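The values are calculated or read from the model by the stated rules, or taken from the named source; none is laboratory data. Everything quoted here is computed from the prediction, not taken from an experiment. Glycine gets a Cβ as well: all are built from the backbone with ideal geometry, and neighbour counts include every protein chain shown.
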Amino acid sequence: MKQKKFIKSLFKLLADNKKFPSYQAERRIDIFINFFLEEIVQIEYSDSKIRFVAPEFPLKKSEIGKNGKEYSRSTKVDYLCIRTLPDNLSTILLIELKTDAPSYDPIQHQIYRDYNSWKKCIDGLKGIIKNGKLTFANRLKYFYLVYTLVENKLLASQDSIDTLKATYDTLCSKSINKIPKKEKASFTSKFNSYFKTVEPVDMKTQVLYIGPKQIGENEEFIKFGDPLIEVEEFDNVKIKVGNQEIWKRLVKMLNEK
């Protein structure tokens, strides 16, 4: 199958499936948005440099059980990015993708708004890692998240993360079921000890929505095709995003009812 025919068939399937009641379009198109994300946001904030950091960033939700014990659960924001202005002042962008208005959740939105500083985000992350019931496989993924934050200079520590990263690479090369319990316990202990030493950089956060139509009131919002790319004038826009054929069909599909 030729590339254009494949792309056309792929987005027709997405558009058709989006009409069904239980089809979660956001999960299916996430990879396309993620691929173009920096360019999409860059157009909205032309005075800034945008850098994608991580998907599905966890924000801790504090829930108290019947026994009075606090449970460490989380809601995930779709994309974590850094917006850097010319004066080098940076903001953390908490970006949420919404393919239609009904998927907007005011309660979820308030949780995002409550995390108005990067320190609060990291304090929540520490609670999830410390108190959450994580499998070893999940703990490895949380380590990679912390490593990514360190690499992007969003976390600082006097201790080096390099030795832990080398151990992580070795563990990931093995089947989880074949890693001895002693090795798992050793890595978990060292990771927990390291994470206690990290401190977040001083940055504010900003909630940003991306979708085909306005969601919520007085919120930062980027609409597909406006001002990014209008499908009818695709070849005439001043700034073209990534692969034109894929983006053109994605915008058209998302704006269909």
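Being aliphatic (A, V, I, L, M), under 25 Å from residue 26 (Cβ atoms), outside the structural domain of residue 32 (by TED's automatic domain parsing) and crowded, with 17+ Cβ neighbours inside 10 Å is a property that does not hold for residue 92. Among residues of the range 97-109 that are under 24 Å from residue 35 (Cβ atoms), those with a beta-carbon under 7 Å from a residue that is at pLDDT 80 or above at least six positions away or on a different chain give the pairs 97/30; 97/33; 97/78; 97/210; 98/209. When we screen 6, 36, 11 for residues that are within 17 Å of the chain's Cα centre (by Cα) and either surrounded by 14 or more Cβ atoms within 10 Å (Cβ to Cβ) or free of Cβ contacts under 8 Å to residues at least 24 places away in the same chain (or both), the only hit is 36. Just to be sure before I move on: is residue 148 closer than 19 Å to residue 37 by Cα, modelled with pLDDT of 90 or more and surrounded by fewer than 20 Cβ atoms within 10 Å (Cβ to Cβ) in the structure I sent? Yes: the conditions hold for residue 148. Taken together, 97, 154 contain a single residue that is assigned by TED's automatic domain parsing to the domain that holds residue 81 and closer than 26 Å to residue 205 by Cα, which is 97.
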